[in-house]
Every structure is written in C-alpha cells, then in structure tokens.
1. Report yes if some residue within the stretch 142-149 is part of a strand (DSSP E or B), crowded, with 17+ Cβ neighbours inside 10 Å and outside the structural domain of residue 247 (by the TED database); otherwise report no.
2. Taking the condition under 22 Å from residue 209 (Cα atoms), acidic (Asp, Glu), surrounded by fewer than 17 Cβ atoms within 10 Å (Cβ to Cβ) and modelled with pLDDT under 95, does residue 119 pass?
3. Taking residue 108 as meeting all but one of (1) open to solvent by less than 40 Å² (accessible area, probe 1.4 Å); (2) in contact (Cβ under 8 Å) with a residue 12 or more places away in the chain, write down the number of the exception.
4. Just need a number here: residues in the stretch 48-82 that are touching a residue at least 40 places away in the same chain (Cβ under 8 Å), farther than 22 Å from residue 237 by Cα and part of a loop (DSSP other than H, G, I, E, B).
5. With (1) of a type in the set (S, T, N, Q); (2) part of a helix (DSSP H, G or I); (3) under 25 Å from residue 43 (Cα atoms) as the list, and residue 133 as the residue in question, which single condition is left unmet?
6. I'm trying to understand the selection: among the residues of the stretch 150-188, which are more than 16 Å from residue 234 (Cβ to Cβ) and exposed (fewer than 14 other Cβ atoms within 10 Å of the Cβ)?
7. Pairs under 7 Å by beta carbon, first residue among the acidic types (Asp, Glu) in the stretch 266-284, partner open to solvent by 20 Å² or more (accessible area, probe 1.4 Å), six or more apart or different chains?
8. I'd like the full set of residues that are of a type in the set (Val, Ile, Thr) and within 15 Å of residue 114 (Cβ to Cβ), limited to the stretch 1-46.
Amino acid sequence: MVDGEAVDCVIVGGGPAGLTAAIYLARFRRRVMVVDAGASRAALIPESHNYPGFAGIAGPDLLIRLRHQAERYGAVLRHGRVAALERDGEVFQARLGDGADSGVVSARAALIATGIVDENPELPALLTLVKETLVRYCPICDAYEAMDRAIGVVGPVRRAVSKALFLRTWSPNITVLPLDDEPLSDQEARDAAAAGLAIAPGPIRDLAPEGDGIVAIAEDGSRIVLDVLYPAMGAQARSDLAMALGAHATDGGCLTADGKQQTSVPMLFAAGDVTTDLHQLSVATGHAAIAATAIHNALDRNFR
C-alpha cells in the first residue's frame with residue numbers, strides 16, 4: 001500500500017527512459033518512485049546490437065540491469081498501473097490501480113515514460129511468430145542482422161512499400177505483403193519497381209512458422225517463404241495521462257516537449273518513445289538524462 005506517499009518525482013513507465021531517469025534522480029538524492037505496468041516495448045527485443053557499449057544485449061536483460069541500478073541508489077519501484085494523473089495546485093496526484101500497491105502518490109514533478117504500443121495485423125499466427133523472434137518491429141534497431149535475408153513487410157500496401165524501401169538498404173530480397181487492395185500511386189509503383197520490391201497478391205490471408213522461417217499465404221493461394229517479418233502498421237503513443245492534464249501532442253499522439261523534455265504542463269516531463277518517432281534505446285536514455293537533470297534543477301534545493 002502506498003496511499004498518501006509523497007515523493008519528489010513520480011515516473012510513469014519502467015522502460016529504459018523511466019528507469020534511466022530514476023537512476024539520475026536518485027543520484028541527485030531525490031525521492032523518486034517508478035510505477036511500472038510491465039509493458040515496456042524493450043522487453044520484446046530479442047537482442048539489441050546497436051545499444052552503445054554492448055556487442056549484444058537482450059531487452060529483458062537490459063531492463064533487469066536498469067532496475068537493479070535504480071534500486072541500488074534508492075529509487076522505489078512499484079509494479080502497477082497509474083489509473084489517473086491529476087494536478088492539485090502545484091502537486092501531482094498519481095492514482096494507482098487496484099492491487100497491492102494501490103493508493104495515491106503525491107509528487108512535485110511527474111515524468112511520462114509510457115512509450116508506445118505497436119499496431120499488429122489481425123493474422124492468427126502472428127503471436128506465435130513474435131514469440132519465436134521471427135517478427136521484428138524496428139529496422140533501425142535490427143535490420144543489419146537481417147542482411148541479405150528474405151524479408152517480408154506486412155501492412156497496408158502504401159505503408160508497407162514505404163517501410164520496404166527503407167529496408168532495401170540491407171537486402172535485395174524484400175516482399176511486400178499487402179493487407180488491402182488499395183492501388184499504389186504511379187510514383188510509388190515506380191519506386192517499388194526500381195528498388196526491385198516484390199509485391200504479393202493481396203490481401204494476405206495468413207502467416208505461419210515453417211522450419212526456421214515464415215510462410216505467408218497470398219490471396220491467390222501462393223506461398224511466400226521468408227526469414228523475418230516486419231509489420232508496417234504504425235503505433236499508438238501511450239499519452240492519455242498527460243493529455244488529460246492538457247499536455248500538447250502531435251496528430252499521432254506523441255507528446256510535445258521543449259529542450260528540457262518538459263511538456264506544455266509545468267513540471268510535467270516526458271521522455272522516450274512517447275515523445276518521438278525515432279524509437280531507439282539511446283534516444284530514450286538521452287531524453288531521460290535531460291529530463292531528470294531539468295527536474296532536479298526545477299525542484300527546491302535539497303541541501304543536506
């Protein structure tokens with residue numbers, strides 16, 4: 001039970017951004033609480049090879065390291081969901097959902113580090129493919145590891161072609177798997193042809209694991225064998241808590257923040273994927289360092 005607990009900063013979200021901010025704030029000798037629902041997108045990373053300092057590290061392992069480091073310096077981590085974030089004068093009130101850690105936490109500052117949720121195609125086998133690490137979401141993160149392999153890009157055809165063109169840097173063997181029958185514009189068709197993209201007859205009926213790879217079933221019954229699959233469906237920012245307080249956001253729901261990661265609501269900060277389209281671990285941790293330092297400087301002095 002945490003009802004009535006008061007901290008300097010409450011952090012909503014326990015991914016790389018939230019935990020990095022907690023490490024910084026704890027080292028600034030601030031009382032900080034992280035409330036984490038356990039839904040970090042980083043937990044889906046089989047192994048990251050572009051996070052500085054690591055030749056390769058799995059997302060879950062990185063999160064464990066960050067949690068241990070935050071707790072070592074005195075940050076308090078709570079598993080649960082923030083059902084509402086409200087403002088009472090100059091104090092934020094974070095109302096936690098039902099459970100062992102339900103209650104209300106008061107804080108002078110709040111940091112939203114809730115990330116995004118990827119949209120997925122409604123294909124029955126997709127969850128199985130995700131569990132078998134055959135589905136990837138971030139070409140910037142891991143397309144290097146798919147070098148010269150057979151890559152499929154599934155989604156609305158225009159969005160899928162755009163992502164396939166980006167992936168073309170790493171492989172000449174890319175197939176677009178449309179989920180609709182919308183025609184491409186003349187320019188889009190020319191770009192796809194010039195890049196050598198294959199476009200399967202759509203809409204795609206289903207996907208299935210096959211050996212060490214994937215088979216996609218096209219509308220005409222043909223089978224396309226692939227090594228790895230990238231959805232091109234977009235994502236939704238988890239920005240509702242901040243927007244309910246009046247924080248500004250882009251049309252896509254990403255929170256807008258200034259150079260110190262402060263939103264349009266005073267003392268409400270945001271970091272990581274919830275604020276940017278460049279969904280990278282290094283970007284999230286950079287945001288967190290900036291936000292945590294700005295929060296520390298904005299709070300009353302904590303001389304000891």
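1. Here is the first cut: in the stretch 142-149, the ones part of a strand (DSSP E or B) are none.
No.
2. On the way: under 22 Å from residue 209 (Cα atoms): yes; acidic (Asp, Glu): yes; surrounded by fewer than 17 Cβ atoms within 10 Å (Cβ to Cβ): yes; modelled with pLDDT under 95: yes.
Yes: the conditions hold for residue 119.
3. (1)
4. Looking only at that region, the number is 7.
5. (2)
6. Across the stretch 150-188, the qualifying residues are 169, 172, 181, 183, 185, 186, 187.
7. Qualifying pairs under 7 Å: 273/41; 273/279.
8. Taking the stretch 1-46 and keeping what is of a type in the set (Val, Ile, Thr), we get 2, 7, 10-12, 20, 23, 32, 34-35, 45.
Residues satisfying the conditions are 10, 11, 12, 20, 34, 35.
The values are calculated or read from the model by the stated rules, or taken from the named source; none is laboratory data. Keep in mind the model is a prediction, meaning the values are calculated, not measured. Cβ atoms come from the backbone with ideal geometry, glycine included; neighbour counts cover every protein chain shown. These accessible areas exclude ligands, DNA and RNA; they are computed on the full protein's heavy atoms, side chains included. Shrake-Rupley method; radii C 1.70, N 1.55, O 1.52, S 1.80 Å.
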